[in-house]
Structure formats: C-alpha cells, structure tokens
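K.L.:
Just dropping this structure here.
The values are calculated or read from the model by the stated rules, or taken from the named source; none is laboratory data. Given the structure is predicted, the values throughout are model-derived calculations rather than measurements. Here the Cβ is made from the backbone with ideal geometry for all residues, glycine too, and neighbour counts use every protein chain on show. Ligands, DNA and RNA are stripped out before the accessible areas are found, and what is left, the full protein with its side chains, is counted by its heavy atoms. Shrake-Rupley method; radii C 1.70, N 1.55, O 1.52, S 1.80 Å.
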Amino acid sequence: MADISNSTSTNSAQAVKAGGLMAWLEPQQNRILVLAALAGIALALPLILNNYAMEVMSSVWFYVVLCLGLNIVVGYAGLLDLGYAAFFAVGAYTTGILTSHFGINFWLTIPVAIFFSICAGVIIGGPTLRLRSDYLAIVTLGFGEIVRIIARNLEITGGASGLIGIEKPSIMGFELNEIQHFYYVFLLLAILACFISYRLQHSRLGRAWQYVREDEDAAEAMGINRVGIKLYAYVIGAIFGGVAGCFFAAKMTAISPETFMFQQSVLILLGVVLGGMGKIPGVIIGAFALVLFPEVFRELGSMRILVFAVVMLIIMLYRPEGIWPAKK
Amino acid sequence: MKKSLFMSSVGTALAGMFLLGQVAIAADLKIGIMVPTTGSEATAGKDMENAIKLAAEEINKAGGIMGMNIVTMTGDDACDPQQATAAATKLVSAEVAAVVGGYCSGATLPTLKIYGDANVPFVIAASNSTKLIDANQGNAFQINSTGFDQVATAIELFKGQGVEKLAIIHQGDGYSEDLAKLTREKWSGMGKEVVAYEVVNKGEQDHSALATRIRSKAPDAIFWTAYYADGALVIKQLRQAGYRNLIAVGDGSNSPKLLEIGGKATEGVFCFSNPTVDYLPAAKAFHANYKKAFDQEPDAYAPLSYDGMKLLADAIKRAGSTDKDAIIKALAATGSFEGIAGPISFTEQNTLARSNFVTLVAKDGKWILAE
Amino acid sequence: MSLQDILLQQLANGLILGSFYALVALGYTMVYGIIKLLNFAHGDLYMIGAFCGFLVLSLISAVVGDSWAGLLCSMVLSMIAVGLLGVLIQRIAYQPMLAAPRLSILITALAVSMILSNSVMAFTDGEFLAFSTDLGFDGVELGNVFVTYTQIVLVAAAAILMVALYLFVHKTLYGKAMRAISIDKDACRLMGINVNKIIALTFFIGTSLAAAAGIMAGSYYGSIHFFMGFVIGLKAFTAAVIGGIGSIPGAMLGGLLLGLLESYGTQIPFIGTEWKDVFSFGILILLLVFKPTGILGQTEIERM
Amino acid sequence: MALLEVKNLMLSFAGLDVIKDLSFSVENGSIASLIGPNGAGKTSVFNCLTGFYKPNDGDIIFDGNRIVRKKPHKITKHGMARTFQNLRLFKSMTVLDNVMSGMHCRTKAGPIAAVLRHGAQQREEAETKKFCQECLEFVGIPEFEDHISSNLSYGNQRRVEWARALATKPKLLLLDEPAAGLNHDEKQQLIALIKRIRDELGITILLIEHDMGLVMKVSEKITVIDYGQKIAQGNAEEVQNNPKVIEAYLGKEEEEIA
C-alpha cells in the first residue's frame, strides 16, 4: 500500500521535521512498517475485544469514512459544507427503500445509492458552488434540512418513524449479522476511503483543489474551471457519504430522519476539523475522538459537543492546521 | 491500514478497559437498565433508573432472588438510535440476565433486534410506539399501554364531549406522528371529520399563523399528540387567536411544565396519561420511599419502571432459574401480577392486556383526574 | 371567520413575527457589512439575551415586579450585558482571524455558536424554562381580528429600536465611521479612524439588538430553552439576504417580508404545514443563486 | 493576420466608464505593449481579455474565436495566459506544483484515473512534471523546484509566475507590469527573457508597463490609452513624439503636483 504522508503532495524534499516521531516516520520503509503494524492491530482487534468494544470500534471506522468524505469537500477543496448528513441520508434511504419496499438485494442498492448521491451532489452543488463561501455554508445547511424534512414527510421513506426491517446483507449465502462482520466491513470501508483519499490528494485533481483553495482567481487564470473542480469534490464527498449510508442502514436495520439532523453534519465537521483539515491521519484521529469521547467519559457525555467546540475554537485560534503536526 | 501510533495505543488501552468491565462476581444476578442518562431526555431516564434501582434494592433486602443478589448495570441510550445499539450491545456483552428500561421508542426500536438475537428478556417500561410490536422477536414485553389504547381513550373523550370536527397537530417525530396517524384513521373511520392535520417544527416559537389557520377551520376539538414544551406554546397561541373549544394533549405532554409555561391558557386542557404516582392508590409507599431515597418527586414513568423490575423478579422466581428461555416463558405466562400501577398480564403480542390510560384535566395550574 | 378576517389576522401575525426577524437580521447585516463575517453565533446571542433577561428579571422582580417596568429594566440591563459579551467574542475569537482564510473564520464562528448553546444546555440540563410575566391577555378587537396590547407594545418597541438605529447610523459621526469602514477599512485607518473601536461598537449594537429580541420573544411566548436561537438565526439570516446583506433598511424590510411570507404561506391550500420549512429554505436558496444581492443590496466589484 | 483583435470595447462600473470604445489588435508573433497613465484602464483591459470582467459591449476575437464574456479558464484553454500585477502565486505550495497548475488545462486525468493510477495517468503525470521542469529551466530557476514558493526572492517569484504561464502552452502571453519591483539587472534579464519567449517559443506577447525605457526597448507596437480611450498607436518613436501622449503623461504629472 502506498505511503500515507501527512503533508501535501510535494513539499517533502526540503521539509524540515518538527518532532522526533515525524522525523522517524519520514523514510518510506518506516512508514510502511508502521502502517503494516497498525493494520495488523486493527485486524486482530476482534480477537481481544468484547462485542461492546467492537460496536464502538465499528462506529469509529464508520465515522472515519464519513469524515474522510467530508474532508474532500472541506479539507481539500476548502468549501464549508454544513449539510453533509444529507448525502449520508440519501445512501441510507436508498438502501432502506429498495430493500424493504422492493426486496432488492443489498449489494445491488449500492450502485443505485452512488447514482443518487451523484445526482444529489450535482443538484445541490451545480447552482451553488459559484457562491461565496459563507453563502455556500448556509445553502448547504438549508439543503441538509430540506432533505431531512422530505424524508420525514414522504410516505415511501416511512415518515417520521422511518423505515424498519431493512434486510441484512449476505455474501454468497453468508449473512452479515454479527458485530464482528460489521467490524470488518466498516474497517474495509475505512481502508478503502483512506486509499482513495490519498490517491485523489496526490493527483492532478488533488492539486487543482489546492490551487482553488489557495487562490481562486489565479487558479481560474491558469485554466482551472473552479466550479467544475469544486463540483468534483462535492460529488466525490457525496459518494463517500452515500456509500457509508448504505452500510449504516444495513447495520442498523432501522433508520429515521432524526439521525440526519443538522447536529449530525456538525459532528462530522468536528471530526474533520479537530484532527486537521486535509490530512488523512488527522481526520482519522478526529473520528476517533468523536466516537470514543462519549464512551470513555460517560458522565461528560452531554458536554461532548461543548468540549469539542471549545477544543475546535482553540485549534482555530492557535493551531489552525489541527492536532496532527504539519511539515514545516 | 492507516492509523497513527496514537490511535492504536488508545485502541489497546480501551480494549483493556472493556475487558476489565466484564469481570463479574459470582452469586450475583446481573440485570441491565437501558435508559437515556444523557441528552435531552436525561431527566426522565435518570428517574426511571432510580425507580428500577429502588426496586432492586428492596428485592435484595428481602433476600434477593433465589439467594442471588441483584446487581444493576446501566446502558445509556441517550434517546438516540445509534447510541442505543451500542448500549444494548454493551449490556448483552456483559451477559445480563435480563433488561428493564426503554424510554424513547425511536431508540428502543433498533435494540429489539440485538436483544432478540441474544434472546435476552426485555421488559419495556415506557416506550409504547406501535412500531415496537412488529419488531419484537418474542423476548420483549411492553408493560406500558401502547398508542392503540391511548387513541381509544382519546376517542372516548371526544365522543363524550360531542365533538364532530377534530383537528390534530403533531411534531414530526416518530412518536407523535404515530399517535396522530392512528387517531386520524380511527376518527375518519367513524365517519367523522378531521378538519386539520398539521405539523409543528421542533424548536420553533411562533405558531400564530398555524393557530389562525386552525381557528378558521372551526374544529370542535384539537388534539396535540406531541410533547409539553412546544405544546404549551401551541396551546397559548391557539387561545390567543381566540379558539375557545376543547383541547386535549397526549401523554408526551403530561408534565406540570406544560401548565407552568402555558399559564392561564392551559386551564381546562385534557391530558391522557399513563398512571403516575399521584393517581395510584397502591403507590403511596413507593412515593414515600422514592422521595426518601432520592430527595425528589418521582416523575411520570417511575411507577412503571419500578413495576418492570418487580415483574422481572417475579418471573425469575416463577421460572425457578436464570435460563433466558425460562424467564421469557414465565414473563409471557404472567397472570396475576399486581404492580403499583395496576395488574399486569400480556396479550399474544406481548403488550399490556388492559389500557392503563387515565384522563386528566388542568385545573388551577394542576393536573387532576377528570370525571 | 371570513377570508378577509383571516388575511387581516395573518397580517398581524406576520408583522409581529417579522419584527423579531428584523431585529435579529439587523445584527447579521451590521456585522457582515463591517467585517464581512457571517456570524453564526448571532442566533445564540439572541438566546443568551433571553436567558439573561430571565435571570435579571428573577433578580429584580421582587423590587419592581414582573410586569412592564420589570421587563423594561431587565431588557436594558441584558442588552448591555449581552452587547458586551458580543464585543468580548469579537475580541477573543474573530479579531485574530480577520486575516485568515474565510473557511477558518467561518469555522471559528460555528465553534462560538456551539459553545454558547451547549454551555446553556449544560446549565439548564436541556430543560425548557417558563418565562412567566404578568402581561395578561387584554387587547383590542378590530372586527374579528384580535390583537393583544402586548403584541402592540412589542411591535412598537421593535420599531423604536430600528428607528433609533437608523438615526444613529445616518446622523452621527460614529455611524458615518461605520459606513466608511464597511467600504474601505485601510483607508479609514489612514484617515485616523479607530477602526477596532468602531468594529467593537458595531458588535455591541448588533448583539444588543438580538438580545432585545430574545427578551421580547421570551416574555411574549413564555418559554426559553438553549436551542431557541437556531431556527430564528437561520430565518433572520434569510431575512437579511432577502433585504440585501449589508443594508440596514434591507434587513428591516427583509424581516417583515419573511414574517408575512411565512404567515400567509400557511394559508396556501394543498401544501400542508409540514412543508413550511422547505418553503422558507427554498426561497433562501433560490435567492442566493439568482439574486445574491437581495432587494436593497449593492453589487460588489472585486479588483484583481 | 492578427492573433488578437479588440473591437469597440466598452466597460463601465456603476455608470462610470472605465473603457470607452477601445479597438486595437496584436499581430501574431509580435511583442506589443499597452501603456497609459495611472488609472487609464490598462488592467481593466487585461481583465476583459482574460474573462475576469464582462464588458458591456464590443468584441474580442482571439485566434479566430470570439472570446468575449467567456469564462477565464476557457480563455486560457484557447491559448491566452497571463501574469498578475501583484504576485498571485499559490504561496504554500512548491515551485514545481505552482508551475504544474499551468498544465492543468492541457491534461485530463479525472478522479477515476487518480484512484487507479493506470498507465495513461502515470505517463501524463510524468509528462506534466517533465514539461514543467523545462519551463522552470527556461526562466532560469530549475534549482528551486522543491522550494515553497513564498520563500523565494521577489524576482524569482516573478519567474515562477512566468513559468506557470508558459506551462499553459499559450499562443499569447499577457504580462501585467512585469518589471514592477525589479532592480536594474533584473530588468535587463527580463528584457532578454521576453525576447527569448517570442523568438525561441514563438509566443506572442502583450504587456502593460510603467517603465517606459523597457517598453520602448522591447515593443514593436505600442497602444496608448487614457481614460479608457485609445489616444495613440504606433512604434516606439511614433508614440514618443505624439503630442497627445506627451500631454496625457505630462498633464497627469502636473495634476499630481497640483
């Protein structure tokens, strides 16, 4: 597997490292070593964890996928999206409706969900991505709410109670119904999400996102269609959310509009910002913090958002690059 | 695999923690409590937890169940489906003998599969959405009357008051929509008219436009099926808009807060309620003990939660073992259990066999039993 | 009720709701006009205003009672207190971010908003508090339309505040400085205007107007809770955009328009109230896409 | 044949005419200049040409295409590249990454190619890198390719901008005050570079400049504008002796003194 550098694509050669850990991580073979060790640990975790811990860890991997998806929009393209849960909802409801109303096989619903996520991304992004960034934030917030209200009002989405009895997927007759199965499914999704994120970041498209993020006009003058490039980010982010939604519906077997409220979008955004926008390891740390905090500090559970918000403010003021160290 | 060193160390540390949590002392009988102890419904959830713990303590003082001491373990569902599945898995992993609890129907719903797959007996003390019936795998028992019973109670009231034209308002969440839909179906099924069927968005304050719209349809009665906080505002603004006829609210609005926020406007409002301590003669001792133990008044679902724990103990005794199948069988066969909230026996769908709803009316800023 | 009565009653409903929107929208527009920041925390300051008023009223009601006099006292005190909080937020959170990328300052504003609402949630346990005042239900009946004295006083108070603001911005030196800064901050600095002071003043005024709206809404509707600022924050932003963000008369106009639109919107046949928010958000999105300058806003020209 | 033809261009902001009925042309393979006193509307002309401003009226024909009111990135793709009056580099990125932005419109790998990294994509990336290194070599700073662009000296940052513009493979290069902020030696190198771009790469050049000496040295055709209108056109000598031009410049100076 490719190396996961925490930096943007190319400033490695002259880079001077801040910490000892980072310096040690610099050579490719050391990084591969660490990644392999981590992969081993993640794969072996079900051997030592009980079901509860595995439930929590599946949730972590699940949020890693969502956060990496939003990271493409926020971290790579620099667009503030406050309605990301809408895409998550599109995926979850596509799977939910198709399997429970029409009896379609779970795996066949994924391409359909991807198609609808792309449609949703284009419909929302197409007309709005040329707007100023603060207007875009409000528009995405509005769209997120609209999607949730539509899900709440329609008959086919089960109204406010949502859908129940969504079929669990099976692979060649083997039904995924235990938490271990979903642990590995979500782990696989998270690895895939990391891989795709990494490849995108270090590509022609990834560079274009960075150009547009740094200076829209200069990028445009260099022949980059900024609306098109942003739309790519938006749609790819939507696909991540949609696919995550499919598996969410399959695991929960029941979905309702309350899961896709504005707070969910904010939570995912928190995960992206806490660890460090645009950096894959940072985003993963963010997702971990998001899920583990309320489980570990149960008595502070209701203060979770408050604690995160304070941390986020401090990060924005003193360390805008996030918790994960940046190369100098 | 991409994770950092930091994360994996957190992961291992956590794994260690979870493992430690599993160690149990022999001769204890572990019972799970699933209620929201954080989030917007934490107050109600903690109240239920208190009542269940009180019941467990009383049982232990009286010698436990077949010599075993009851140990409770709480899983926080936070009134959120996602956190509820984690809480349920946590309880199942900890190998509890049975679970009592369940407040928010939406959060309880996805846990039914988890308890069902593990075949854990689950006494649902408060959640009463009709959706729970279909998802029940046979191991769960609802000791609170379901929405069907509430609708029947409501329709009886409307008929008795000579209502012809009914307006229904809900809040766009699963619980209140369910109740509103059932009422609409029943009422139209009787050949009567539902002149307005409206939704109020949670957290909005101004409902004057809605009030004017409803008043213009001139209903004889208005049924608010959702919770007290928004209900108080809706009632106030309905009265302000000049609506003078009957108003009734569902059990979600059964709170003194409705009267406090609504003030004079709520005078004469009817409310359907599951049995709370004030209207239960058998609950006197419980009321006093609860106040002594927790220095606060028991809330709406405390008696039912208390009954849930007691019922469970009774069933285990009758089963004569802690075998899950035996307990479930014993629960289903419950015939003459006298709880403080009334007798409990089950239908074939494991729901409470009788309606336990009472009708209250607001008088001088207090809820009293309606004649 | 005849159709005419209904329409008249909805006019009254819309104007009252619109006054709240307008007061909150003013703060958005003023802050946006001067530092081009979309202050996500503005709706939460409205909420803080309501809680502050509640607190002050419960402290002073023993002396001055909880009727009009008490309400007025608590309103003035909380406007000052919350206004100062607004300045504090600007100093701590926004001032250091002015040169940062827009994404960073937007996230900062979001963080401030979450801190405000979640700390109130922690203090109140997420409960609704009854804001009980002794204002009564008396009023005047005009035909079949009924308007309480409370409603009349609220609209009048909102109007007074807005007129005062308009005069301040257009007739005083401070107001002139504010308008100048919104056009060119650097030039103002060169002309010897204390830019930071004027920005602080703008935050103070904008925030205290939101606080005033919060107290008025709290006492009028009778309940307050930590989440009450979210919906109105969004609606007021919509109002500001309708009127043309950055324009003070635009915010007032936009607020009233949105209020009327919403109250008449409920009378549209065949579209149930469950679609109401889709309707408002739809308007906002269409407006931003097709006429982002609003009714009274001006086009911006950016130089290379 | 003219590579660029501007016909009766009109631009106004809020009722104020910035460009009035301006027409001029740039011959293929020439080095042309657009000069005029401060505020004459030179950069506005550039912004109209490159699509950043939408002119109210008039026509712009570039290489046989009408480009008026087209989006900037489309115009760049047609073969017109520009530099900015104030440096507009992507500050936190490396020099090579900056230059590679120019190749964006000449390459096409999309998200699927990025994820699969198949042969065509890898070849494209390698070609992009190679061509951009050549561009850096051409402007004379190949050794800085891995440096963060904002760490370079001002003069070298200017060169990065040129390399970036060259990487778009343009037919016409628009230089907005290329000599601003350069010292005497750097200016001499600039003159040489401008000539090399035209002679060796065959790229037509249109520049805006304040430094008269530089303009007179490199330009084959000069268009003079004032208050958005053309007041003179011709070679260096003709323009220098045109009374209108002298008046525009000197008159302006007097005003400034007064």
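K.L.:
Considering amide H positions built from the backbone, and no H for Pro or chain starts, which residues 5 or more places from B:Glu193, or on another chain, come under 5 Å of its amide H?
P.N.:
Those qualifying (amide H under 5 Å, at least 5 residues apart or on another chain) are B:Leu166.
K.L.:
Suppose every Lys and Arg Cβ carries +1 and every Asp and Glu Cβ carries -1, with no other charges. What dipole size does region A:52-261 come out with about its Cα centre, to the nearest 20 debye?
P.N.:
Details: 12 positive and 14 negative charges, 66 e Å.
It comes to approximately 320 debye.
K.L.:
Would you mind getting the accessible area per residue of chain D, heavy atoms of the protein chains only, 1.4 Å probe, in Å²? Before the final figure, lay out the partial values.
P.N.:
Details: 11150 Å² over 258 residues.
Computed with neighbouring chains in place, this is 43 Å² per residue.
K.L.:
Next question, about the same structure. Sequence-distant or interchain residues sharing an amide H contact under 5 Å with B:Val99, placed H: which?
P.N.:
B:Gly32, B:Phe122, B:Val123
K.L.:
According to the Kirkwood expression over distinct Cα-Cα pairs, how big is the hydrodynamic radius of the protein assembly as shown, in Å?
P.N.:
Values: mean 1/r = 0.0297 Å⁻¹.
Hydrodynamic radius (Kirkwood, Cα pairs) of the protein assembly as shown is 33.7 Å.
K.L.:
Specify the angular offset, from 0 to 90 degrees and rounded to the nearest 10, of the alpha carbon long axis of helix B:81-93 from the longest principal axis of the alpha carbons in chain B.
P.N.:
Helix B:81-93 sits at roughly 30 degrees to that axis.
K.L.:
What's the local net charge at C:Thr273, with K and R +1, D and E -1, over the other residues with C-beta under 11 Å away?
P.N.:
Working: positive: B:Arg213, C:Lys276; negative: B:Glu198, B:Glu204, C:Glu262, C:Glu274, C:Asp277.
So the environment of C:Thr273 carries a net charge of -3.
K.L.:
Oh, and also: Carbon and sulfur atoms: what percent of the 1.4 Å accessible area of region B:148-273 do they account for? Please list the in-between numbers first.
P.N.:
On the way: 1890 of 3840 Å².
Roughly 49 percent of what the probe reaches on region B:148-273 is carbon or sulfur.
K.L.:
Have a look at D:Val115, D:Val139, D:Val99 and tell me which one the Gaussian network model of chain D (Cα, springs below 10 Å) gives the largest fluctuation.
P.N.:
D:Val115
K.L.:
Helix C:3-35 versus the longest principal axis of chain C: what angle, 0 to 90°, nearest 10, using Cα atoms?
P.N.:
For C:3-35 against chain C, the angle is about 20 degrees.
K.L.:
Computed on protein heavy atoms with a 1.4 Å probe, what is the summed buried accessible area for the chain pair C and B, in Å² to the nearest 100? Walk me through the numbers on the way to the answer.
P.N.:
Details: alone 15660 and 16800 Å², together 29540 Å².
The buried area between C and B, both sides summed, comes to about 2900 Å².
K.L.:
Can you give the charge dipole size of chain B about its Cα centre, rounded to the nearest 20 debye, using +1 on the beta carbon of Lys and Arg and -1 on the beta carbon of Asp and Glu? Show your work: numbers first, answer last.
P.N.:
On the way: 35 positive and 40 negative charges, 56 e Å.
The dipole of chain B has a size of about 260 debye.
K.L.:
Here's another thing I want to ask about it. At a probe radius of 1.4 Å, what is the per-residue accessible area of D:Asp21, in Å² to the nearest 10?
P.N.:
Roughly 90 Å² of D:Asp21 is accessible to a 1.4 Å probe.
K.L.:
Further, regarding this structure: If you build a Gaussian network model of chain D, linking Cα atoms that sit under 10 Å apart, which residue out of D:Leu152, D:Leu190, D:Leu173 swings the most?
P.N.:
Sorting by GNM fluctuation, first place goes to D:Leu152.
K.L.:
Right, here's the next one. Binning at 5 Å from 0, report for region B:148-273 what percent of all alpha-carbon pair distances ends up in each bin.
P.N.:
2, 12, 25, 27, 22, 10, 2, 0
K.L.:
On average, how much accessible surface per residue is there in chain B, in Å², for a 1.4 Å probe, leaving out ligands, DNA and RNA?
P.N.:
Details: 13200 Å² over 371 residues.
Accessible area per residue: 36 Å².
K.L.:
So what is the relative contact order of chain D, in percent, for Cα pairs below 8 Å that sit 6 or more residues apart?
P.N.:
Working: 464 pairs, mean separation 67.7, N = 258.
So the answer I get is 26 percent.
K.L.:
Moving to a separate point now. Mind ranking A:Leu205, A:Leu231, D:Leu201 by accessible surface for me, highest first, 1.4 Å probe?
P.N.:
On the way: A:Leu205 5, A:Leu231 45, D:Leu201 80 Å².
Ranked from most to least accessible, the order is D:Leu201, A:Leu231, A:Leu205.
K.L.:
Which residues of region A:129-148 end up with at least 50 Å² less accessible area in the presence of all protein chains than when their chain stands alone, using a 1.4 Å probe?
P.N.:
Residues meeting the cut-off: A:Arg132, A:Asp134, A:Tyr135, A:Ile138, A:Ile146.
K.L.:
Do any residues of region D:63-98 show a loss of at least 50 square angstrom of accessible area between the isolated chain and the full protein assembly, using a 1.4 Å probe, and if so which?
P.N.:
D:His73, D:Arg88, D:Phe90, D:Met93, D:Asp97
K.L.:
Full-extension gain between C:Lys291 and C:Phe123, please, as 0.36 nm times their residue separation minus the C-alpha to C-alpha distance. List each step's numbers first, then the result.
P.N.:
Values: separation 168, 0.36 × 168 = 60.48 nm, distance 4.17 nm.
Gain on stretching C:Lys291 to C:Phe123: 56.3 nm.
K.L.:
Give the angle, between 0 and 90 degrees and rounded to the nearest 10, that separates the Cα long axis of helix C:173-183 from the longest principal axis of the Cα atoms of chain C.
P.N.:
Helix C:173-183 and the main axis of chain C meet at about 70 degrees.
K.L.:
Rounded to a whole number, what % of the accessible area of chain C do carbon and sulfur atoms account for, probe 1.4 Å?
P.N.:
On the way: 8440 of 12220 Å².
Here it works out to 69 percent.
K.L.:
Using 1/(1 + (r/R0)^6) with R0 = 45 angstrom and r between the beta carbons of A:Arg130 and A:Asn177, what's the FRET efficiency to the nearest 0.05? Can you show the working numbers first?
P.N.:
On the way: r = 46 Å, r/R0 = 1.03.
FRET efficiency, A:Arg130 to A:Asn177: 0.45.
K.L.:
Taking Cα pairs under 8 Å and at least six residues apart, what relative contact order does region B:134-273 come out at, in percent? Let's see the in-between values first.
P.N.:
Numbers: 218 pairs, mean separation 32.0, N = 140.
The normalised contact order for region B:134-273 reaches 23 percent.
K.L.:
Using a 1.4 angstrom probe and counting only protein chains, how large is the accessible area of A:Ile171 in Å², to 10?
P.N.:
Its accessible surface works out to 80 Å², give or take rounding.
K.L.:
How would C:Met191, D:Met212, C:Met47 rank on accessible area, largest to smallest, probe 1.4 Å?
P.N.:
Details: C:Met191 150, D:Met212 60, C:Met47 0 Å².
Ranked from most to least accessible, the order is C:Met191, D:Met212, C:Met47.
K.L.:
To continue, here is another question. Can you compute the equivalent ellipsoid semi-axes for region A:52-261, i.e. the square root of 5 times each eigenvalue of the Cα gyration tensor, sorted largest first and rounded to whole Å?
P.N.:
Computed over region A:52-261, the values are 31, 20, 13 Å.
K.L.:
For region B:170-187, in order, what is each residue's ³J(HN,Hα) by Karplus, 6.51 cos²θ - 1.76 cosθ + 1.60 with θ = phi - 60°, in whole Hz (x at glycine and Pro)?
P.N.:
Residue by residue, region B:170-187 yields 10, 10, x, 10, x, 5, 6, 5, 4, 5, 5, 4, 4, 5, 4, 4, 4, 5 Hz.
K.L.:
Same structure, new question: Residues of region B:92-110 losing 20 Å² or more of accessible area relative to the isolated chain, 1.4 Å probe, heavy atoms only?
P.N.:
By number: B:Ser93, B:Leu109, B:Pro110.
K.L.:
Something else about it: Just the number, please: Stokes-Einstein D of region C:131-262 in µm²/s, Kirkwood Rh from C-alpha pairs, 10 °C, 1.306 mPa s.
P.N.:
Details: Rh = 17.0 Å.
The diffusion coefficient I find is 93 µm²/s.
K.L.:
Give me the percent of accessible area attributable to carbon and sulfur for region D:91-168, probe 1.4 angstrom. Working shown, then result.
P.N.:
Numbers: 1700 of 3150 Å².
Looking at region D:91-168 in its full context, I get 54 percent from C and S.
K.L.:
Modelling each spin label as a point 7 Å along the Cα-to-Cβ direction, I'd like the D:Lys20/B:Ala288 distance in nm, to one decimal.
P.N.:
In this crude label model, D:Lys20 to B:Ala288 measures out at 10.1 nm.
K.L.:
Write down the radius of gyration of chain B and its Dmax, each obtained from C-alpha positions, in Å.
P.N.:
21.9, 71
K.L.:
Another question about this same structure. Which value, in Å² and to the nearest 10, is the accessible area of B:Val151 when all protein chains are kept and the probe is 1.4 Å?
P.N.:
0 Å²
K.L.:
Quote the total accessible area buried by chains B and A together, excluding ligands, DNA and RNA, probe 1.4 Å, nearest 100 Å².
P.N.:
Using a 1.4 Å probe, the pair buries roughly 4000 Å².
K.L.:
Interface D/A, total buried accessible area with a 1.4 Å probe, nearest 100 Å²? Kindly include the intermediate steps, with their values, before the conclusion.
P.N.:
On the way: alone 12910 and 15770 Å², together 25530 Å².
Its buried surface, counting both partners, is about 3200 Å².
K.L.:
At a threshold of 8 angstrom on Cα-Cα distance, excluding pairs fewer than six apart, so keeping six or more, what relative contact order does region A:52-261 reach in percent? Let's see the in-between values first.
P.N.:
Values: 321 pairs, mean separation 92.3, N = 210.
44 percent.
K.L.:
Next up: How much area per residue is accessible in region C:3-290 when the probe is 1.4 Å and only protein heavy atoms are counted (Å²)?
P.N.:
Details: 10890 Å² over 288 residues.
Here the residues of region C:3-290 average 38 Å² of exposed surface.
K.L.:
As an exercise, use a Förster radius of 30 Å and the Cβ-Cβ distance of A:Ser170 and D:Arg123 to find the FRET efficiency, rounded to the nearest 0.05. Can you show the working numbers first?
P.N.:
On the way: r = 42 Å, r/R0 = 1.39.
Plugging the Cβ-Cβ distance into 1/(1 + (r/R0)^6) gives 0.10.
K.L.:
If one computes P(r) from the Cα atoms of region C:77-183, what percent of pairs lie at distances over 21 Å? Spell out each step's value before the answer.
P.N.:
Working: 3673 of 5671 pairs.
Tail of the P(r) past 21 Å holds 65 percent of the pairs.
K.L.:
Quick check: with the 1.4 Å probe, what order do B:Phe158, B:Phe337 take by accessible area, largest first?
P.N.:
Working: B:Phe158 0, B:Phe337 30 Å².
So, going from the largest accessible area down, we get B:Phe337, B:Phe158.
K.L.:
Something else about it: Which value results for Rg/Rh of region D:91-168 when Rg is the Cα radius of gyration and Rh the Kirkwood radius based on the inverse mean 1/r?
P.N.:
Values: Rg = 12.9 Å, Rh = 12.7 Å.
Reported Rg/Rh, Kirkwood definition of Rh: 1.02.
K.L.:
Looking at the protein assembly as shown, which Cys residues are left with no other cysteine's beta carbon under 4.7 Å from theirs?
P.N.:
For the protein assembly as shown, the answer is A:Cys67, A:Cys119, A:Cys194, A:Cys246, B:Cys271, C:Cys52, C:Cys73, C:Cys188, D:Cys48, D:Cys105, D:Cys132, D:Cys135, because their Cβ atoms have no other cysteine Cβ under 4.7 Å.
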